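Heads up: the structure comes next, in structure tokens.
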Amino acid sequence: MIERVVENWLTNTNERGGYEIAFSQLLAFQGHRILHKSSHGPMEQGKDIITIAPDGVPCAYQLKAERDINLSTWRKIKGEIDELIEIPIQHPSVANDFPNHRAYFVNNGFLKDTVRRAIHDRNRVAPKRGLPILNVIQLGDLVKDFVEVHGRFLPSEPRDFRRFLELYAIDGTVNLPAGEFSAFLLSILGFHDKAPKKSEVKRAIASVLIFANYVLAPYRQTQNSVSLINGWVLVAAHVLAFVSKAQLPKKSWGPTFDLCVEGIEEGFSRLLSEVLTRDDFSQGDPLTDGMVYRTRMTLLLGYLTAYENYRHLKNEDSETREAIEHFVEAQKSHLLFWSESATPAFLSVVWFLERHNRQLEAEQVILSIAQAIVTLNGPASKAPGLADPYHSIEDVLRKYLSVGQDGLDDISQEDFKGHSYSLQSLVEWLARRLRRQSIARLWKEITRLCYSEFIPEPLWATYLWYSDRGELHHRFPGKPESWKDLLKRARAEEISGVPELLRQKPEFVLLFLLVYPHRVRPNLVAFLDRALDK
Amino acid sequence: MLPDFPKLRMELNRKLQADFKKQTNLRAPLVAEIGVVAQHEGKGGSYETEDGMVKLIEPQHVSVPLESPVVSSPSFGYDDALRMVHEAAEKMAREQTRMLFAKVHEAVEEVGNSLDAQGQPLRAELILEMWERMQFDFDELGKPKMPTLVFNPVQRSNVVEQFRRLKNEPQLRMREEEIMNRKRLDWYDRESRRKLVD
């Protein structure tokens, strides 16, 4: 059954990017050291992936998604194949005097006889010309190799297999169901089973990444970049959970994590090229688009600014910085704080504004959402409170637009008044900017709410969508509160609530919070605040 | 397998469950007034009191048996199921109310705020004494937000009488005013502490 799914996935991939990450993972699993993955520009010289094989020989791969290749297709791609074979690998990790590299042509289909013959003839004379021969990896080889990687790390229970098929067959235009996807990833990793043997760890991690490729394929096909980004962030976070739980060294998971990051970056690149070339952001039926328009724009503002902040945290120049700045300027009036799950998007926008010398405006945005929380979630509020960050955007909108399930859904039965998950983070954010007067003006209302914070146990459970263990802690703000104490707490470099691997990757933290809004905690926000301020 | 209509039955189940909640709330109005804060993950929780003490919240399981038919019966219709659900709601309401009082009793005992009437019937003087020990909040017009008094329905006429006395007897009214003025000052004091200081 898995073979059929893998084959279906491969043959439905209409661009090499659709299986490039999975193929890289396959190579890493087979013991290759991945040196380079091309950004597919003119400098790639026919080499999409460059690796060092386990026997020390450099290898170059040209990936195609042409399905069956006949002579006319072959003629079209021949130039790239020539470059793949004839131009030596130029990479600092490959010695210039290294004799021939291994050249591979990878395709998600089969070769027609005429093409097979052409390659055969070429390979016969290649050694005489001092060139490497061309190895071909076709659909059958790919299916066999991918299935081999999975080993026992497959959806084993019928329930898990059903979940996999449902996720795989999903309509790619919907939002990725994060909770379901998380449960699926855990089932592949065998997360709740006995700890895997050391020899199996690599296989488990490789398997989860390749399975993620299958499941994320519908989103790639529909160009649903936000879901694609969310998916890769979830995979990366689950890998971190798995390796933290098993206390594995970085060498066992580093390449997989890097491939997830590539998936995330590719998602952002697709999102940017779509958003920055559009003037009109409406989508679908105009009759109902207005009801979701501001939510869409808030997400786009949050994700694009997050990407720019991410590049900044990685010390990389962003060539789209100005375009994003222009987009924020033009669209910020559409920001909508639909529930507390919007907090990370707002934080991302204000960090971006701050970095572009719009300090006052940034502070005003945070003040306005803090005000919204204390007003709407205040005990005296007549309006429905702002939902907690655990509820999906669609659940929240369904409630606001009265298309709920007749009061039977969870969100209608909860009371959001009197507490907030984000308020403490926002108040401390403002305190770090010395907005004492503004906080003082709000303090009376702030004290009517209690700060809620879920503390996962152990700390690595932060990476999970739901943690079985942990404690929901409530604390009332001080009455009175000392500004000195508040400032001290806000400025404290307290990182005990930040999991170890996130401390090493501040650029990932912002993306993580964007996808996991229920993990917004004062410690994590302060940690990011400091990282962005450096 | 025989035809089973699982989707329809699931919907029927949800409908019955919703009705169960509604009926429980109707039968336990005091419990129904308490907001539901969901804990989406983890087990248990904690809260910090005003004096900085961290107290653990241990979730407690409340359940009541639903005496549904052991074997399917063609004559067991929706109304029968509804009747059963209402009976269970009655038990659940009683259970929840009992638990609420136990918790309140525990909290009141802990702060030493309980008042033992020593078997006397409820009197206006006792109500005033009770109010004396309680903390009151006031609305923006300075009107007290009066607490809920829970009593056995058999005492209804006596309770009405005692509240009539509170309203009409000058001495009792004066004492109530005195108490409320003091409570208002306490409230002003508490409200004035909702601020940011140095």
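Computed from the coordinates by the stated procedures, all read-outs in this text should not be read as laboratory data. Keep in mind it's a predicted model, so treat the numbers as computed, not measured. Reconstructed Cβ throughout: ideal geometry from the backbone, glycine too, with neighbour counts over all protein chains shown.
Here the translational diffusion coefficient of segment A:275-429 follows from Stokes-Einstein with Rh set to the Kirkwood radius across Cα pairs; for 20 °C and 1.002 mPa s it amounts to 128 µm²/s.
At a threshold of 8 angstrom on Cα-Cα distance, excluding pairs fewer than six apart, so keeping six or more, what relative contact order does segment A:80-221 reach in percent? Walk me through the intermediate numbers first.
Values: 113 pairs, mean separation 32.6, N = 142.
Relative CO of segment A:80-221 lands at 23 percent.
Of all DSSP bridge pairs formed entirely within chain A, close to 50 percent run antiparallel.
Along segment B:101-114 the Karplus relation, 6.51 cos²θ - 1.76 cosθ + 1.60 evaluated at θ = phi - 60°, assigns HN-Hα couplings of 5, 4, 5, 4, 4, 4, 5, 5, 4, 4, 8, x, 10, 8 Hz to successive residues, with x for each Gly and Pro. Each distinct pair of alpha carbons in chain A adds a 1/r term; the inverse of their mean, the Kirkwood radius, is 25.2 Å.
Between the helical axis of A:225-246 and the longest alpha-carbon principal axis of chain A there is an angle of about 90 degrees.
Between the residues B:VAL70, B:LEU122, B:MET99, the greatest Cα displacement towards the positive end of the dipole of segment B:66-198, with unit charges on the Cβ of Lys, Arg, Asp and Glu, is found for B:LEU122.
With +1 on each Lys and Arg Cβ and -1 on each Asp and Glu Cβ, how big is the dipole of segment A:340-412 about its Cα centre, in debye rounded to the nearest 20? Don't jump to the answer; show the numbers that get you there.
Values: 5 positive and 10 negative charges, 53 e Å.
In total the dipole reaches around 260 debye.
In plain terms, if you count all Cα to Cα distances in segment A:228-271 and split them into 10 Å steps from zero, the share in each step is 32, 48, 18, 2 percent.
For a 21 Å ceiling on Cα separation, which of these pairs sit above it: A:LYS250/A:LYS534; A:LYS534/B:LYS195; B:LYS22/B:LYS91? All intermediate terms of the calculation are to be shown ahead of the outcome.
Values: A:LYS250/A:LYS534 26 Å; A:LYS534/B:LYS195 32 Å; B:LYS22/B:LYS91 13 Å.
Where the Cα-Cα span goes over 21 Å, the pairs concerned are A:LYS250/A:LYS534; A:LYS534/B:LYS195.
Working from Cα pairs under 8 Å separated by at least six residues, relative contact order for chain A is 11 percent.
Counting only DSSP beta bridges whose two residues both lie in segment A:15-123, roughly 55 percent are antiparallel. With a ≥ b ≥ c the root eigenvalues of the C-alpha gyration tensor of segment A:127-224, is it rounded (a/c under 1.5), prolate (a/b larger than b/c) or oblate? Note, shape of segment A:127-224 comes out oblate. For the segment A:465-472, counting C-beta atoms of other chains within 10 Å of every residue's C-beta and taking the mean gives 5. Taking Cα atoms only, the orientation of helix A:139-150 departs from the longest principal axis of chain A by about 50 degrees.
To the nearest 20 debye, what charge dipole does segment A:286-381 have about its Cα centre, counting +1 at the Cβ of each Lys and Arg and -1 at the Cβ of each Asp and Glu? Each step should come with its number before you reach the end.
On the way: 8 positive and 12 negative charges, 46 e Å.
Here segment A:286-381 has a charge dipole of around 220 debye.
As a proxy for reagent exposure, B:ILE34, A:ILE229, A:ILE52 were ordered by neighbouring Cβ count within 10 angstrom, fewest first; the result is B:ILE34, A:ILE52, A:ILE229. The packing ranking, built from the mean of other Cβ atoms within 10 Å per residue, places the peptides A:207-218, B:153-164 in the order A:207-218, B:153-164, highest first. Any chance you could give the angle, 0 to 90 degrees and rounded to 10, that helix A:343-355 forms with the longest Cα principal axis of chain A? That helix lies at roughly 80 degrees to the long axis.
A straight Cα-to-Cα reach below 16 Å connects B:LYS103 with the aspartates and glutamates B:GLU33, B:GLU58, B:GLU95, residues fewer than 8 places away in its own chain not being considered.
With the charge dipole of the protein assembly as shown set up from +1 on Lys and Arg Cβ and -1 on Asp and Glu Cβ about the Cα centre, the Cα lying farthest toward the positive end among the listed residues A:PRO379, A:VAL427, A:PHE508 is that of A:PHE508.
Counting Lys and Arg as +1 and Asp and Glu as -1, each charge on the Cβ, what is the dipole of chain A about the Cα centre in debye, to the nearest 20?
Numbers: 66 positive and 68 negative charges, 225 e Å.
Once rounded to the nearest 20, the dipole reads 1080 debye.
Is the C-alpha gyration tensor of segment B:1-106 telling us rounded, prolate or oblate? Criteria: a/c under 1.5 is rounded; beyond that, a/b larger than b/c is prolate, otherwise oblate. Judged from the Cα gyration tensor, segment B:1-106 comes out prolate (a/c at least 1.5, a/b above b/c).
Quick one: compute the contact order of segment A:230-335, relative version, from alpha carbon pairs under 8 angstrom and 6+ residues apart, as a percent. Don't jump to the answer; show the numbers that get you there.
Values: 49 pairs, mean separation 25.8, N = 106.
Answer for segment A:230-335 is 24 percent.
Averaging Cα coordinates gives a centre for segment A:155-210 and one for segment A:282-306; these two points are 30 Å apart.
Legend: mean number of C-beta atoms from other chains within 10 angstrom of residue C-beta atoms, peptide A:410-423, equals 2.
Please compute the average number of Cβ atoms from other chains found within 10 Å of each residue's Cβ in peptide A:442-448.
That works out to 3 on average.
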